[in-house]
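Take a look at the structure set out below.
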Amino acid sequence: MSSILPFTDIEKNTINIYANDGIGSAYSRAYICIKTLPKDEQTDVVNQYASNFFPGFFRLSLASSLTYAGIGGTLGLLFGGAPGLVSGMKIGGDLGMTVGFLGGLYVGEVSARYHFERSNSYKKWVCKARENDIYSIYQNIIQNDERFDRFVCMHTVDLITMPVKAPDGQIYEQEAIEMWIDKKEKELERCRERGGSQEELNEISMTISYVRACGFTKTDLVYHPQYFKGLDSLVKLKISEMEKGVERKVFKEATKNILKAQQENHASIQQLYEQEVNKINKYVVDNALDTAIARKVAADLRKKFGIES
């Protein structure tokens, strides 16, 4: 059975894939995304991924091979004449091929993933997944925490599923800000038709920005996936804080029980410690919490009372 987050009924493993920035998690998201697409679209996406991977891979591999061959050949020529030139180029070329292959894999993967995560197919999948699955989970975690206010769109007053960054530095829900821009452009058009002053036009244009920083159009909006990274990182921090809160509570209660029992029945610290650890393990299991909480509290109790592990 999967562990749950403290004070909720949310299983931890349901959010791991979303709040993890590791390469393995990124590949998992990509795989899930591609599997949800129609067969013909799956083929197109895979072909696009490959077309972005191989150019970066081959460019670095070739450049590295030539560079190391040149360095090796130069050193060989200096120290061994013509025979050294041939040997040096061969050794340098072999080394360059190895370095280039490994580096090419990395560069190719970064390039392919960058373009894939900005493809329309992936963006639509992320939007739908967050709207239907992820944010319903997040809402139970972030409520009453002002730190998450900066991740709320000013227009929808909700978490953002398709984040775009505007020239005013704000992140908006794409559909909402585009509708707002359409509304303001109609106001500008009416103002021009009635002969409004430049000052009036500027005033309307400034109201396109929620913070009245500047005017902008739809073409100025830029897809901003870094929004998800920031949000997910803060969610991970909040989860850690929730679990640490449970750790502190359990540790405080166990410490009090040990000190009280020691005064009342003069039992050894080791015996009292083992009794409390059994209670803590039962509490964690009964409440389906992460077993790491029990291990951490047990370690803190051993440290406090000088008990050898």
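Each value in this text was obtained by applying a stated rule to the coordinates, not by laboratory testing. Predicted model only: the values in this text are computed from it and were never measured.
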Point to revise | Sequence-distant lysines (8 or more away, or on other chains) whose Cα lies within less than 25 Å of Lys282 | key: Lys12, Lys238, Lys244, Lys249, Lys252, Lys256, Lys260, Lys296, Lys303, Lys304
Review point. Once phi is turned into θ = phi - 60°, what whole-Hz ³J(HN,Hα) does the Karplus curve with 6.51, -1.76 and 1.60 give for every residue of the range 189-199, x standing for Gly and Pro?
Key: 5, 5, 5, 5, 5, 8, x, x, 6, 4, 5
Check your understanding: If the cut-off is 19 Å between C-alpha atoms, which lysines fall inside it for Lys184, apart from same-chain ones fewer than 8 positions away?
Key -> Lys165, Lys218
